[in-house]
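Below is one structure; the comments refer to it alone.
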Amino acid sequence: MEARLAKMRVVGLKYDSGNIHTDDLKLDFTIPESMPGHAAYILRNGGGKGVFFQTLFQTLDPLTSWKKDLNHVHHFFFNDEDRPIEYTFHIVQEWQVSLSKRVILGIAVTPRLVSNDKKAQTSSPIELDYFLYTMEPLVIEMADIFEFQLWNEKEKEAVPFTTWKEAIKSDKSFNFYSKQDRDSYIEKIEEYGYDTNTVNILKRINDGEGGFGEFFKGSTDNTGLFYNLLIPTINDKIEGIDSRNKKEVSVVTTWFLEALKISKELPDLLAMVDSIEQINDFILPLQDRFREGEEIKQSVEIWKNKGSELLQLLTSLMDYKENQVTKLEREQIARKEQRDIARWKYANIDYIALHQERDEVDGQYYELEHEQLKADLALKGYQSQLIKEKVNLELKRRMDKLDEIEANNQSISTLLESEDLKEATAGLKEIREYFKERWVSISESWQKEMNRNACSILAHEHKIQQLKMDMDSEGQTKKKVWNLRYMTFRMQLTNSRKN
């Protein structure tokens, strides 16, 4: 059974300068049969039959052109104003290779702006980037290309190029091929029977779109069919070339031409053969020696390479050992340092404890000092405030006294001006004159009275002191008598207990 196209899906393609969109076009050629069969896809003139055929061959010949190399894939990415359109389209196909084997082929294409170093090599502002993938579903595996998440119905656009690329690469059931792996992909699909010659023949057959006349041009009778179509096709199949489309030279034809030349020049060739045989008689022994020398040279080269590898291995081992020795020496030095530190700590454990205690005390002292500084600052603030308050108080008192003095001055001036004050002043003058005339006799009698009172007070103080001493002496006597009675009572009690 030859491979048959079972399903095809074209997602996000835009053509006719971006005016026609395929959106998510799904074609199922298994309906109503479970196996793919013949199908008809009918379109009006200008409805996109060429685009359909061109997309159909994209998985078999990536970026293939159509209509005798007039329609290229990069034309899908330009609008009416000949400006690039940025989007991605996907083409996925499911082929029935045999009764029990299916294969899924896919391609995703997107445009990239041409880099500055490539602008001199092309006139197009874009270059196409694409990747390919294959999948071989098992018989029991329900892999359906219509279920692939290639279309965003909400946004009405195809899944972005990078998103689908990461999805394919992360799914181990797919074989991923980048743009640079095109040859590997072609080799892979050749395993399914899609070799380059078969694809080229299919393209030539369908290139006319409306019929097969172009393919059978010049082959309308048996002779033309045999010489112009069957023999070139078989020859291309054998040699793996495309002599009809790509004008590649047939090796078989070349053989015939060279055979004619050989038959014409056969005598000269035979003479040359005799000369060559004579030369070989001299050369063959030398050739054997040369081969022996080559073998020895190759053997020497082999042993030289082995010796170089062995030297490199020994050098690597020596470097490794030296690194290990250096590492062990460093570790030993580190252990010695740790041992010395441990010994020092053991010998100075009391000092370390006191040092830690001192550090704690220093910390506490620092905190207390900090608090003391804060308290001193607060005290200075309070003292400054107190001084200000005292100054304000004194100023207030001064103002009050000034007001009081002012009031008293007013009162004095008022009294001085009154008649009663004048009479009181006259009385005071009389009293002052009286005391002034009699002051000597008054002061002497007052002095005598004060002396008498002082003597009386001193005599009473002596008497009180004497009474106090007498009371203390009587208290001491009573205490001795009480102690004597207590001791007598204890002795009597002890004696009574003995009896």
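The values are calculated or read from the model by the stated rules, or taken from the named source; none is laboratory data. These numbers were taken from a predicted model, which means no experiment stands behind them. Here the Cβ positions follow ideal geometry from the backbone for every residue, glycine too, while neighbour counts run over all protein chains shown. For the accessible areas, the whole protein counts, side chains as well, though only heavy atoms, and no ligand, DNA or RNA atoms are used. Shrake-Rupley method; radii C 1.70, N 1.55, O 1.52, S 1.80 Å.
Checking each residue in segment 168-191 for being over 16 Å from Glu94 (Cα atoms), among the hydroxyl-bearing types (Ser, Thr, Tyr) and part of a loop (DSSP other than H, G, I, E, B) picks out only Ser178. Residue pairs whose Cβ atoms lie under 8 Å apart, separated by 6 or more positions or on different chains, with the first residue in segment 360-385 and in contact (Cβ under 8 Å) with a residue 24 or more places away in the chain and in a helix (DSSP H, G or I) and the second of a type in the set (Phe, Trp, Tyr) and surrounded by 10 or more Cβ atoms within 10 Å (Cβ to Cβ), do not occur. Would you confirm whether or not segment 389-406 contains a residue that is open to solvent by 100 Å² or more (accessible area, probe 1.4 Å), more than 30 Å from Lys345 (Cβ to Cβ), free of Cβ contacts under 8 Å to residues at least 40 places away in the same chain and under 60 Å from the mean Cα position of the chain (by Cα)? No, segment 389-406 has no match at all. Residues being at pLDDT 85 or above, of a type in the set (A, V, I, L, M) and more than 20 Å from Lys179 (Cβ to Cβ) are represented in segment 38-54 by at least one member.
All of Lys67, Lys101, Lys49 fail the test of being touching a helix residue (DSSP H, G or I) at 6+ places or on another chain (Cβ under 7 Å) and among the basic types (Lys, Arg), apart from Lys67. Just so you know, in segment 280-309 the residues that are among the aliphatic types (A, V, I, L, M) and open to solvent by 100 Å² or more (accessible area, probe 1.4 Å) include one that is farthest from the chain's Cα centre (by Cα), and it is Leu286. Across segment 89-107, the number of residues qualifying as closer than 22 Å to Lys156 by Cα and either open to solvent by 20 Å² or more (accessible area, probe 1.4 Å) or among the small types (Gly, Ala, Ser) (or both) comes to 1.
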